[in-house]
Amino acid sequence: KPAKHIHMSERETWATRAGFILAAVGSAVGLGNIWQFPFKTAQFGGSSFLVVYLIAVLGIGLPAILAEFVIGRKANLNTIDAFEKLGYRNWRIVGVLGLATGFWILSYYSVVGGWVLRYIAGSLTGAYFGDPAAYFGQVSAGMDALVLHAVFMALVIGIVALGIEDGIEKATKLMVPSIVVILIALAVWAFTLPGAGEGYAYFLSPNFDALTANFTEIVPFAVGQAFFSLSLGMGAMITYASYIDGDESLFSDSLTIVVLNTFVGVLAGLVVLPLLFAQGIDPNTSGAGAVFVSVATAFAELPAGNILGFFFFVVVLVAALSSAISLLEVVVSWAVDNTSYSRPVIATGLGSVIFALGIPSAWDTAWLTWFDTLAYQLLLPLSVLGILVFVGWVYGRPALAELLKGSNAGEGLGLTWLWTARTVVIAGVVGTLILGFQTLFV
Ligand code: PHE
Ligand code: NA
């Protein structure tokens, strides 16, 4: 088809290697790092859990992100057509699954992004200071949530409409450093709070009993969190890698991304847990809403809570936005490669469909929970599994060659990657999948 060829030759690329890395870090660093990671770490045994998580991230997450990068960079096409380009037309189904997963996740992620917008304003006006729990109940569902869901989605559409270099790359180059700088400043401030020591202890003191007592729950959680946190199984990393121009070491790029992503999670813990302990607030982890309420309660009670709360929620917003744009880009990339509509028209059209899919989640948080459970326990691991089986067992040797391009790593390291992906990583995904099935259907 000549038309497709014309589009391909005009395909956009990242202006710089750092641009690609920062965009990928922006995708990875999100609500998962700031909301889930600190609390789960504390609950599952502090630094003991951290060790398990690091093993999961380096042993399973890293090989998996490399698999997505290999597909994307080799094909230079969207997450569906990439499989055909590599010579396996039928495997496009894996791309379809990833794209659908991203579509699905963005629909409710945007609703949470809307809540964050509300909390930024609420910090400045002090709107949640009187009764944080009642405030959450009021703004998290119904018309309020719907309007802010629309605003958040409009921001996402605006950035993606500007394109890879002028939109996503420029935005994330500003966003990711801002996240790190503001979080460091907040962590320094949190250090000065009276209960800080207790917060650190709760977050990081090793607790092997907590670890061993819940081992069968903790290991799959660590693996699942590694995948979600690295934005795997949503087509995002395949799509971002498809805009790489030239060959660079995928090994060192991935390592940078993985390290920065984990660093931000730890940093968030060093902010959030001292904050809660300073106010004697029980770090309740059940449900997305609980975290909003407990953190808001802490800000409401602290001197200068307005300003600090404002900066904290700005960080959360920026983290959520830079993740959301990577998901919209997955679908937009597919439409740009396959139709002759302009990027802004495509971004607006598809963004609107995703907005519509999120309406139930905005209307009632029970829907949001249902959407999230389905994505997290079923769609995501299935999609990651498909990618790994494809790269490891179907595509195989050419994947190895692509991985080694632009890197001075030897064949040995490449083979280690291939065999890890083929065995350990696949076993890890199957494990989380089985566990997810149990909670979903048994
Ligand atoms: N890595 C993201 C996070 O931790 C996951 C994600 C990416 C979610 C893109 C939604 C959109 O939040
Ligand atoms: Na992000």
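The values are calculated or read from the model by the stated rules, or taken from the named source; none is laboratory data. Predicted model, so just to flag it, every value in this text is computed and none were measured. Neighbour counts are summed over all protein chains in view; Cβ atoms, including those assigned to glycine, are modelled from backbone coordinates with ideal geometry. Accessible surface is based on the protein model in full, side chains and every heavy atom, while ligands, DNA and RNA are left aside. Shrake-Rupley method; radii C 1.70, N 1.55, O 1.52, S 1.80 Å.
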Accessible area per residue in Å² at 1.4 Å probe, computed on the stretch 48-145: 32 Å²
Area accessible to solvent at Arg11, 1.4 Å probe radius, in Å²: 40 Å²
For the stretch 179-195, 3J(HN,Hα) per residue [Karplus equation, 6.51 cos²θ - 1.76 cosθ + 1.60, θ = phi - 60°, Hz, x = Gly/Pro]: 4, 5, 5, 5, 5, 4, 4, 5, 5, 5, 4, 4, 4, 7, 6, x, x
Heavy-atom accessible area per residue - the stretch 152-250, 1.4 Å, Å²: 39 Å²
Ranked order, Tyr119, Tyr341, Tyr109 - accessible area, probe 1.4 Å, largest first: Tyr341, Tyr109, Tyr119
Under Karplus coefficients 6.51, -1.76 and 1.60, residue-wise ³J(HN,Hα) of the stretch 338-353 in Hz, glycine/proline x: 10, 10, 9, 5, 6, 4, x, 5, 4, 4, 5, x, 5, x, 5, 5
Order by protection proxy (mean Cβ within 10 Å, highest first), peptides 377-387, 155-165, 211-221: 377-387, 155-165, 211-221
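Write down the accessible area per residue of the stretch 281-339 in Å², having rolled a 1.4 Å probe over the full set of protein chains.
Details: 1590 Å² over 59 residues.
With all protein chains present, the stretch 281-339 gives 27 Å² per residue.
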With every protein chain in place, the chain: carbon and sulfur % of accessible area (1.4 Å): 68 percent
Counted charge near Gly126, where neighbours are those whose Cβ lies closer than 15 Å (Asp, Glu -1; Lys, Arg +1): -1
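If you take the square roots of the eigenvalues of the alpha-carbon gyration tensor of the stretch 89-189 and sort them as a ≥ b ≥ c, do you get rounded (a/c under 1.5), prolate (a/b over b/c) or oblate? Kindly include the intermediate steps, with their values, before the conclusion.
Working: a/c = 2.27, a/b = 1.42, b/c = 1.60.
Note, shape of the stretch 89-189 comes out oblate.
So how do Glu10, Glu402 rank on accessible area, 1.4 Å probe, biggest first, that is with the largest at the start? Working shown, then result.
Details: Glu10 125, Glu402 5 Å².
Of Glu10, Glu402, the descending order of accessible area is Glu10, Glu402.
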Dipole magnitude of the chain about its Cα centre (Cβ charges: Lys, Arg +1; Asp, Glu -1), debye to nearest 20: 800 debye
Relative packing of 311-321, 240-250, 403-413, which averages over residues the other C-beta atoms within 10 Å, highest first: 311-321, 240-250, 403-413
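Which of the peptides 46-55, 330-339 is most tightly packed, and how do the rest follow, judged by the mean count of other Cβ atoms within 10 Å per residue? Don't skip to the answer; put the middle values down first.
Details: 46-55: 19.2, 330-339: 22.0.
Highest-to-lowest ranking by the protection proxy: 330-339, 46-55.
Based on DSSP H runs of at least 4 residues, each adding -39500 (n - 2.57), what is the mean residue ellipticity at 222 nm of the chain after dividing by all its residues, to the nearest 500 deg cm²/dmol? Write down the numbers at each step before the final one.
Working: 24 runs with 327 residues, N = 442.
Value at 222 nm, helices only, nearest 500: -23500 deg cm²/dmol.
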Contour minus Cα-Cα distance for Ala154 and Thr125 (0.36 nm per residue): 8.1 nm
